[in-house]
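Notes follow the structure.
The values are calculated or read from the model by the stated rules, or taken from the named source; none is laboratory data. Owing to the predicted nature of the structure, the values given are computational and were not obtained by experimental measurement. Note: ideal-geometry Cβ built from the backbone for every residue, glycine included; neighbour counts use all protein chains shown. Note: accessible area is taken over every heavy atom of the protein model, side chains too, but ligands, DNA and RNA are not part of it. Shrake-Rupley method; radii C 1.70, N 1.55, O 1.52, S 1.80 Å.
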Amino acid sequence: MLGLLFGGMAVGPIIGGQLITSTGNLLSVFYISFVVHLVYLFITLFIIPESLKKEVMESNRKQSNPDTSDAPSTQLIWKYMTTTQRTSQILGGVFFFLTPLSVFLPRKTGNSQQKNWNLTFLAIAYGVITLLIGSYQFKFQYANYTFGWTSQELGYWLSVIGALRAIHLIILLPGMLLS
C-alpha cells in the first residue's frame, strides 16, 4: 500500500512540473487537483456501490442502538460508582472517537496466552512513516535555501525519491522476503 503511495508521489511532481512548464501558471496544478478530487468525490458517492446489503446495515444499526427504555436511570448507576469508575466514564465519553483504534491493541489469539502484536507494530511503523513524510517541508526549505531550488526542481527531486521508495516497497522488498 505504501509502495503505491510513493508511486503516486513519484508521478505527481513530474506531471505538476510539466504542467507548470507548459502553462507558465503555478496555480494550474491546484486547478487540476481540484477537478480530480471532484471526480473522485462523484465516483465515491454515486458510482461505487455500498458494500453492505440493506438488511445487514439495519441489523448493525439495531445492534449499535439497543433499546434502553427498561434500563435503570443514570443517576442511580452514578450513585454507586467509585471515583475511578466515574472518571473512566467521563473520559470514555470525551475520547469516544478513539475507540476504533482499539483494533490495533494486542489481542490473544486462539487458546494461547500469547498476544498477537502484528497490528500494533504495523500501526507504529505507519506512524513513523507518516512522521517522515511530514518532515518533507523542512527538506524543501533546506533545499530551497541551500541550493536555490525552485518548486519545479523540488518536484523532480520528490519524484526520484518517491520512485526509489516505490521500487523498493513493490519490487525489491517482496523479492527479498520470498527468497
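Database remark: amide H of Arg107 closer than 5 angstrom to the amide H of Asn116 (H placed geometrically; neighbours at sequence offset of 5 or more, or on other chains; Pro and chain starts carry no H). Look at the Cα gyration tensor of the range 92-136: its axes a ≥ b ≥ c give a/c of at least 1.5 with a/b at or below b/c, and that counts as oblate.
Once the Cα-Cα distance is subtracted from the 0.36 nm per residue extended length, the Lys62 to Val103 segment shows a gain of 12.6 nm.
Within the straight-line cut-off of under 16 Å between alpha carbons, the lysines reachable from Lys62 are Lys53, Lys54, sequence neighbours fewer than 8 places apart in one chain being disregarded.
At 1.002 mPa s and 20 °C, plugging the Kirkwood radius over alpha-carbon pairs of the chain into Stokes-Einstein gives what diffusion coefficient in µm²/s? Write out the running numbers ahead of the final one.
On the way: Rh = 22.3 Å.
Answer from the Stokes-Einstein relation: 96 µm²/s.
In order along the range 147-155, phi translates into HN-Hα couplings of 9, x, 5, 8, 5, 5, 5, 4, x Hz, rounded to whole numbers, per the Karplus curve 6.51 cos²θ - 1.76 cosθ + 1.60 with θ = phi - 60° and x for Gly and Pro.
Over the range 119-161, accessible surface divided per residue gives 72 Å², non-protein components excluded, 1.4 Å probe.
Report the far tail of the P(r) of the range 101-179, meaning the percent of Cα-Cα pairs longer than 15 Å.
Working: 2243 of 3081 pairs.
Taking all Cα-Cα pairs of the range 101-179, the fraction more than 15 Å apart is 73 percent.
For a modelled paramagnetic label at Leu52, 7 Å from Cα along Cα-to-Cβ, the residues of the range 80-107 in reach, with backbone nitrogen under 20 Å, are 96-104. Sequence-distant contacts, meaning Cα pairs under 8 Å at least 6 residues apart, place the relative contact order of the chain at 53 percent.
Stretch Gln89-Tyr145 to full length: gain in nm at 0.36 nm per residue minus the Cα-Cα span?
On the way: separation 56, 0.36 × 56 = 20.16 nm, distance 5.12 nm.
Between Gln89 and Tyr145, full extension yields an extra 15.0 nm.
Here the range 1-17 and the range 100-160 have alpha carbon centers that stand 15 Å from each other. Here the range 1-57 was treated as a single set of alpha-carbon atoms; its pair distances binned every 10 Å from 0 give 19, 31, 30, 13, 6, 1 percent.
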